[in-house]
Every structure is written in C-alpha cells, then in structure tokens.
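Taking it in order: structure first as structure tokens, then the write-up.
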C-alpha cells in the first residue's frame, strides 16, 4: 500500500509499504479521509514523538474509513467506522478511578496518512465506532481532536450565561467556541487570522479580538472591553498565554490550560492573585472512550461539520509539500488528505 513515512526531522516520504497480516482481534480499515493536525506538525518539526512513534514510521492520527478485513468478533468488512488514536488499558490506577485519559498504558495508533491502517484489538474493542449511514468520512475524521475539546469543556463545568474567553483561534479554540455556545455561554475569542476569526463569529462568538501584530494578550483583551471573564480556555500552548489566562479571569473564576507548552518550559504566576481571588486552575489532557462518543454525537447531530473546519485539500502524494508549507506558516484550519 501507499503510505507517508516519517524518517526524521522534516523528512516525510510517500512510499510503498507492505500490508501485514492481521493478528487475532485486529481490524484493517481502508482510509477514506485523513485530516492534518497541529500535533502531526509538531511531530514533523521534531522528527519524533516520545510517547507515540519512533521513525521511520507511518504517522497521522485523524481518520475515518471502511473495514476491509476483520479478525475481531464485533466487526465485519463493509462497516463504516471512525477510530480514536488511542485506547486505555482499563486496569491501571487511573482507569479504575474514572480517569482513563491518564491511563498508564495508553495504546496509541498512528498511520492515518496511508491507504489502510491496522486497528489493534484494544482500540477495536474500546474505541472503534460505527458511523451512521449519512455521516461523511471527512466529518467523522474530526472526532478525535473534538473529543479532546469535549474533555476540556466538560472539565470546566460550564453554566449557561457565563462569559467565556478563548485564547487562540486554531482548530482547538474554534471547537471550544462551538461547544461553549452549545452550553449557552457568551463567547469571546482572541486570536489571529481573518478567516479563523470570521469562522469564530459564524460558530457563535459574540466578540472577536484580532491579536495580529501583538504579543500582549492581556493588553489586547482589556483594550477591547476591559472585563474579566468567568472562564478562560487557553488554546495557544505558550507560557505567555498561560500567564495571560490567569490575569484575565474574574475572582472565583476558572482557567483551563488546555494548550500544551513545549517540554521543559515554565510559567510565572502571581500567587497572591491566585490565592486571594480563589481561582480554579486546571489542565485537560487527551480524551476518554466516553468523550470520543460524545464528540461523534456532536458531529452526527450537525453541530460540528467538516465544511466549517476543513479549508484545504491535498492528495497523499502531495503530503510532503503540504507539511513543508504548514511549517512555513500555512494558515489552513485543517486540510483533508484524500487517500483514494
């Protein structure tokens, strides 16, 4: 089969890779839609991911497709499915204490940028889901990243009428806009990119703050309204954004440091402000089998649509050039990689 293989830092090659035979419990899925992701871009830039893959290897993790072969009792060829990029073990401390997203033995899946992928037995059992007949593959491929945001929004326990500030207008921040509006909140977005900010408005943001040309998040947000928010959802992944989030939330408010910063970085937070303002600070990681299913529910109900989030298209053969352009600042929200 044809697949994109990561060989190291900024080195992707589209190659012919042998399809291995299935082991007991495994499923082979012919990929019908794969989507680009910020995590994949980080992997491309670094040339590896310590927890998920070691080159040379196939990569990519947002996918949907059709089962072509199965050695799992619950699945048969012809079923249309979406697969999560991991599954918890179900037996470790975190799994048995209702935190499967923190599983000590998370099994990860990569290989979306290919003609087919083998789904391991654990993922086939816990995190492979059949699609409704009318669900488009491109829509379904949004399930995994959306599930992470579902996890983050649910961790915040949003209440109708609350004011929510979202820092960042990338795919994660835009997902958060849609879900916060579904919770009945008033949403403000601070980010960059005319098309992304326009999409934030279409998804229900009542105010957008264009941060183009400025690194002063606190100053930019306060200049646009000088208010403090009930909730701040940080979706930038930079220490300065984490620090800004704490300065922009009201007394008694909640902050979700959702955007992961580079390893080894640190932040400086005002301990007096945190203590005397009685702030709740949290960080959400990954997803669970339950949030994967709730994410697909938002997609299949039409709340989240590929038509809103996918604004680029590429063939599998064009993937190396696509990632080069992404590394140089391609501002597409998500690109659909057409496999067939």
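The values are calculated or read from the model by the stated rules, or taken from the named source; none is laboratory data. Because the structure is predicted, anything quoted here is derived from the model rather than measured. Heads up, the Cβs are rebuilt from the backbone with ideal geometry, glycines too, and the neighbour counts pull from every protein chain shown.
Residues are listed down the side, and each one gets a yes or a no for (1) assigned by TED's automatic domain parsing to the domain that holds residue 183; (2) modelled with pLDDT of 95 or more; (3) on the phi < 0 side of the Ramachandran plot:
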residue	(1), (2), (3)
292	no, yes, yes
295	no, yes, yes
299	no, yes, yes
309	no, yes, yes
312	no, no, yes
316	no, yes, yes
320	no, yes, yes
329	no, no, no
332	no, no, yes
- Return a yes/no flag: does segment 288-298 have any residue that is touching a strand residue (DSSP E or B) at 6+ places or on another chain (Cβ under 7 Å) and part of a strand (DSSP E or B). no
- Query: If you go through segment 10-28, how many residues are closer than 18 Å to residue 107 by Cβ, touching a helix residue (DSSP H, G or I) at 6+ places or on another chain (Cβ under 8 Å) and surrounded by 16 or more Cβ atoms within 10 Å (Cβ to Cβ)?
  - Reply: 3
- Message: Take residue 7 and tell me if it is in contact with a helix residue (DSSP H, G or I) (Cβ under 7 Å, 6 or more places away or on another chain) and either surrounded by 17 or more Cβ atoms within 10 Å (Cβ to Cβ) or more than 11 Å from residue 116 (Cα to Cα) (or both).
- Response: no
- Note on the structure: Within segment 300-318, the count of residues that are within 23 Å of residue 196 (Cα to Cα), touching a strand residue (DSSP E or B) at 6+ places or on another chain (Cβ under 9 Å) and assigned to a helix (DSSP H, G or I) comes to 2
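Among the residues of segment 102-115, is there at least one that is closer than 17 Å to residue 293 by Cα, surrounded by 15 or more Cβ atoms within 10 Å (Cβ to Cβ) and either in contact (Cβ under 8 Å) with a residue 24 or more places away in the chain or touching a helix residue (DSSP H, G or I) at 6+ places or on another chain (Cβ under 7 Å) (or both)?
Within segment 102-115 (the criterion being closer than 17 Å to residue 293 by Cα, surrounded by 15 or more Cβ atoms within 10 Å (Cβ to Cβ) and either in contact (Cβ under 8 Å) with a residue 24 or more places away in the chain or touching a helix residue (DSSP H, G or I) at 6+ places or on another chain (Cβ under 7 Å) (or both)), the answer is no, since none of the residues qualifies.
Of the residues 70, 94, 86, 74, only one is surrounded by fewer than 14 Cβ atoms within 10 Å (Cβ to Cβ) and either modelled with pLDDT of 95 or more or in contact with a helix residue (DSSP H, G or I) (Cβ under 7 Å, 6 or more places away or on another chain) (or both); which?
Testing whether each residue is surrounded by fewer than 14 Cβ atoms within 10 Å (Cβ to Cβ) and either modelled with pLDDT of 95 or more or in contact with a helix residue (DSSP H, G or I) (Cβ under 7 Å, 6 or more places away or on another chain) (or both) leaves just 74.
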- Being at pLDDT 95 or above, assigned to a strand (DSSP E or B), touching a helix residue (DSSP H, G or I) at 6+ places or on another chain (Cβ under 6 Å) and outside the structural domain of residue 175 (by TED's automatic domain parsing), is that true of even one residue in segment 29-44? yes
- Note on the structure: Checked segment 183-223 for anything under 23 Å from residue 294 (Cβ atoms), in contact (Cβ under 8 Å) with a residue 60 or more places away in the chain and buried (at least 16 other Cβ atoms within 10 Å of the Cβ); matches are 199, 203
- Message: Can you tell me which condition residue 77 does not meet? The list is (1) part of a loop (DSSP other than H, G, I, E, B); (2) in contact (Cβ under 8 Å) with a residue 60 or more places away in the chain, and all the others hold.
- Response: (2)
- Determine whether residue 274 is assigned to a helix (DSSP H, G or I), more than 22 Å from residue 174 (Cα to Cα) and in contact with a strand residue (DSSP E or B) (Cβ under 9 Å, 6 or more places away or on another chain). yes
